[in-house]
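Report on the following structure.
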Amino acid sequence: MGREAYHRLRAAIVVRNLMFLPALLLAGCGLFQSDAERAMQKTPNYRAGYDDGCAAASTMGANPRGQPYRDDALYESDQAYRAGWSSGFATCRNQTMGGSLPGNSLSPIPGQH
């Protein structure tokens, strides 16, 4: 391998790694919760939203009137309730639809494992 080919190969590796680094850093931001997010999950409104979201997901198609289990006023005004509702709906919908992985030890109830 000539010296010029070696430098091109090395430059290509450096460029590839530099492109990969921001993606890795951004992925880390999505995986780890901040202290504020963990504190919000302990609030009564988050837990109420989680319960309502889970109830809505668990009864999809079972409610002939189609009324969601959600406090619309609280959903519009309270970030913790809205976040809890979304999390509860997503978690329980995955479990209802068979989306949980075998051996998954995550509890659908926040704060419990």
Review point. Of everything in segment 61-110 that's aliphatic (A, V, I, L, M) and at pLDDT 65 or above, which residue is farthest from Gln41 (Cα to Cα)?
Key: Ala73
**Study point:** Test result for Gly30, assigned to a helix (DSSP H, G or I), at pLDDT below 80 and either closer than 22 Å to Cys92 by Cβ or of a type in the set (Gly, Ala, Ser) (or both)
**Key:** yes
**Study point:** Where a residue in segment 71-87 is outside any helix (DSSP H, G or I) and its partner, wherever it lies, is crowded, with 18+ Cβ neighbours inside 10 Å, with Cβ under 6 Å and at least six apart
**Key:** Asp78/Asn45
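The values are calculated or read from the model by the stated rules, or taken from the named source; none is laboratory data. The structure presented is a predicted model; accordingly, all values stated were derived computationally and were not measured. Methodologically, a virtual Cβ is constructed for each residue, glycine included, from the backbone with ideal geometry; neighbour enumeration extends over all protein chains shown.
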